[in-house]
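See structure below.
The values are calculated or read from the model by the stated rules, or taken from the named source; none is laboratory data. Not measured: the values here are computed from a predicted model. So basically every Cβ, Gly included, is an ideal-geometry build from the backbone, and we count neighbours across all protein chains shown.
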Amino acid sequence: MSRVEGLFKNLTTVKNARNGRLASWDQRGKNQDYWEIPANETITLGEVEGPGCITHIWMTSSCRRVKAPAILDPVLNASAAPVMEIGAALGVIFDDYDPFYYRKALIRITWDDQDTPSVLAPLGDFFCIGNGYPGNFSSLPFNVSLKPEEAGRYGAPCSVSCYFPMPFNKKAKIEIVNENELPFILYFNIDYEMYREPLDPDTAYFHACWNRQNPCKGWGPELLVNSPEVNNVTNYKGENNYVVLDAEGEGHYVGCNLSVRHYQGSWWGEGNDMIFIDGEEYPSLNGTGTEDYFNHAWGMQRNAYPFFGTIVHEGDTDGFHVAYRFHITDPIHFSKSLKVTIEHGHANQLSDDWASTAYWYQKLPTAKKLTILPVEQRLPNVPIWPERHLEKPELTDEMKKAIEAYNKRWEEYKPAREEQFRIKEEKCRRESKLNTEFAKKLRDEYDKE
């Protein structure tokens with residue numbers, strides 16, 4: 001038995017395991033190493049037989065709406081690297097980001113022989129992209145890497161990683177549910193280990209779920225935060241608290257990310273965290289303020305540390321904040337149930353828009369079925385420009401001909417480009433099956449060794 005201790009102690013012991021990977025690599029041997037996830041369709045990234053454990057998930061994606069005819073050949077351009085997905089050259093190609101696709105697409109993961117998923121969240125929020133607005137940050141279990149020129153844009157492309165270990169005994173099934181009217185491209189690597197021996201009976205399985213309350217039920221949003229009238233209202237049992245997690249079973253909570261859009265213009269984080277373990281009437285874990293739960297103080301700072309931090313700061317945006325707190329060394333244990341809640345303003349005074357992703361481990365089965373709001377209720381609230389009423393001058397013959405030529409080119413270009421999307425979507429469906437077949441082949445070869 002090894003006496004080595006520490007965060008990386010597993011690296012000092014040889015392990016009887018075999019590595020595998022589900023990926024979007026072009027299985028034709030070409031360089032189209034991404035999948036075009038079809039609109040309004042569920043795509044399986046892969047199914048893996050156990051025993052095993054997912055050790056790392058990396059993804060990058062982009063979703064753009066075709067808005068104008070390009071001067072590039074749509075067939076040839078479809079075989080080029082999709083750099084135009086990241087930075088469309090004006091005049092050469094003009095596509096525009098779908099700003100909200102991170103909330104329209106879901107990641108869904110199901111373990112073993114369950115008929116219900118244990119992970120169900122918007123694709124962006126799962127990876128700590130709140131409101132579809134990516135921010136650079138690095139924590140121990142998650143990180144997001146964003147090009148500087150893409151910062152400050154809803155729906156901006158970036159790379160995301162998750163390092164939470166995800167063990168499974170019989171099977172892991174990873175799916176993307178695209179509830180958008182547009183397809184989007186997805187690059188991904190999902191790394192896993194295979195084991196010969198079954199997992200221990202007390203193995204805790206990774207879970208994640210998303211919640212949103214918009215607006216939170218505030219009793220006094222017109223009253224100034226921290227005023228004496230507000231601060232003297234009592235809240236012992238957490239009625240109307242925002243619920244981060246409401247789980248049943250046996251396991252431990254390992255953290256969350258939280259996105260808050262504040263509307264009063266004062267301070268949103270005055271509420272306490274209140275955590276109820278195993279059906280308590282009164283919470284045994286009481287906090288001192290939302291910023292304190294996220295390990296900040298006197299407001300939220302611009303930082304990102306291994307276990308806590310700010311991803312998007314309210315002072316740098318149009319009025320929302322994204323924060324995270326991970327209980328890696330201090331998980332919160334439960335044997336029957338756990339309810340993690342936070343007040344939205346002291347004693348739930350405020351009526352802000354809150355959304356969160358909770359992460360926890362528990363034994364199977366997933367006793368409480370995970371549900372999620374319909375897509376139209378997941379979209380973020382963003383400022384809207386006032387409607388413009390445009391008046392055109394009298395058109396010359398030259399202008400009329402230019403418009404006619406443009407429209408004719410669009411009539412020819414749009415269906416040709418759409419056809420390339422359909423071809424790539426069929427490649428995605430085909431390689432989805434090949435991923436699962438390859439994972440099965442790898443497992444069989446490993447079992448025969």
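Brief remarks follow.
- Scan the stretch 7-26 for residues that are of a type outside the set (S, T, N, Q) and more than 30 Å from LEU186 (Cα to Cα) and the total you get is 6.
- Candidates ASN136, ASN131 - the one that is on the phi > 0 side of the Ramachandran plot and either of a type in the set (Phe, Trp, Tyr) or touching a strand residue (DSSP E or B) at 6+ places or on another chain (Cβ under 7 Å) (or both): ASN131
- When each of ARG429, ARG422, ARG417, ARG409 is tested for being modelled with pLDDT under 95, closer than 25 Å to ARG28 by Cα and not hydroxyl-bearing (Ser, Thr, Tyr), the lone residue that passes is ARG417.
- Among the residues of the stretch 263-305, just one is among the hydrophobic types (A, V, I, L, M, F, W, C), without any contact (Cβ under 8 Å) to a residue 60 or more places away in the chain and in contact with a Ser or Thr (Cβ under 7 Å, 6 or more places away or on another chain), namely MET300.
- Once the stretch 33-67 is narrowed to residues that are aromatic (Phe, Trp, Tyr) and in contact with a Leu (Cβ under 9 Å, 6 or more places away or on another chain), the residue that is farthest from GLU181 (Cα to Cα) is TYR34.
- Which listed residue, of GLU419, GLU431, is under 27 Å from the mean Cα position of the chain (by Cα) and either on the phi > 0 side of the Ramachandran plot or surrounded by 12 or more Cβ atoms within 10 Å (Cβ to Cβ) (or both): GLU431
- Of all the residues in the stretch 200-247, those that are in a loop (DSSP other than H, G, I, E, B) and either exposed (fewer than 13 other Cβ atoms within 10 Å of the Cβ) or touching a residue at least 40 places away in the same chain (Cβ under 8 Å) (or both) number 28.
- Residue in the stretch 5-24 that is among the acidic types (Asp, Glu) and either more than 18 Å from ARG422 (Cβ to Cβ) or assigned to a strand (DSSP E or B) (or both) present: yes
- Residue in the stretch 23-31 that is modelled with pLDDT under 95, surrounded by 18 or more Cβ atoms within 10 Å (Cβ to Cβ), among the hydrophobic types (A, V, I, L, M, F, W, C) and within 25 Å of the chain's Cα centre (by Cα) present: no
- Contacts under 8 angstrom Cβ, first residue in the stretch 362-379 being over 23 Å from PRO215 (Cβ atoms), partner of a type in the set (A, V, I, L, M, F, W, C) and in a loop (DSSP other than H, G, I, E, B), 6 or more apart: GLN362/ALA204; LYS363/ALA204
- Some residue of the stretch 141-148 being at pLDDT below 95 and basic (Lys, Arg): yes
Results for (1) in contact with a Pro (Cβ under 6 Å, 6 or more places away or on another chain); (2) farther than 27 Å from GLN213 by Cβ; (3) part of a loop (DSSP other than H, G, I, E, B), shown as yes or no for each residue.
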{"residue": "ASN381", "(1), (2), (3)": "no, no, yes"}
{"residue": "LEU390", "(1), (2), (3)": "no, yes, yes"}
{"residue": "PRO393", "(1), (2), (3)": "no, yes, yes"}
{"residue": "MET399", "(1), (2), (3)": "no, yes, no"}
{"residue": "ILE403", "(1), (2), (3)": "no, yes, no"}
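- Those residues of the stretch 143-192 which are among the acidic types (Asp, Glu) and closer than 27 Å to GLY20 by Cβ, in sequence order: GLU175, ASP191
- Some residue of the stretch 40-47 being part of a strand (DSSP E or B), exposed (fewer than 15 other Cβ atoms within 10 Å of the Cβ) and modelled with pLDDT of 95 or more: yes
- For the criterion of being more than 17 Å from the chain's Cα centre (by Cα), closer than 27 Å to THR436 by Cα, not in a strand (DSSP E or B) and not polar (S, T, N, Q), GLU149 fails.
- The criterion of at least 3 residues that are at negative phi, under 23 Å from the mean Cα position of the chain (by Cα) and of a type outside the set (Asp, Glu) is met by the following strands (runs of 3 or more DSSP E) wholly inside the stretch 282-334: 308-312, 320-326.
- Residue, farthest from GLU314 (Cα to Cα), within the stretch 98-130, restricted to residues that are polar (S, T, N, Q) and either modelled with pLDDT under 95 or assigned to a loop (DSSP other than H, G, I, E, B) (or both): GLN114
- Scan of the stretch 131-146 for residues that are touching a residue at least 24 places away in the same chain (Cβ under 8 Å) and assigned to a strand (DSSP E or B), ordered by number: PHE137, SER138, PHE142, VAL144
- Within the stretch 367-374, not a single residue is assigned to a helix (DSSP H, G or I), of a type in the set (A, V, I, L, M) and either surrounded by 10 or more Cβ atoms within 10 Å (Cβ to Cβ) or at pLDDT below 95 (or both).
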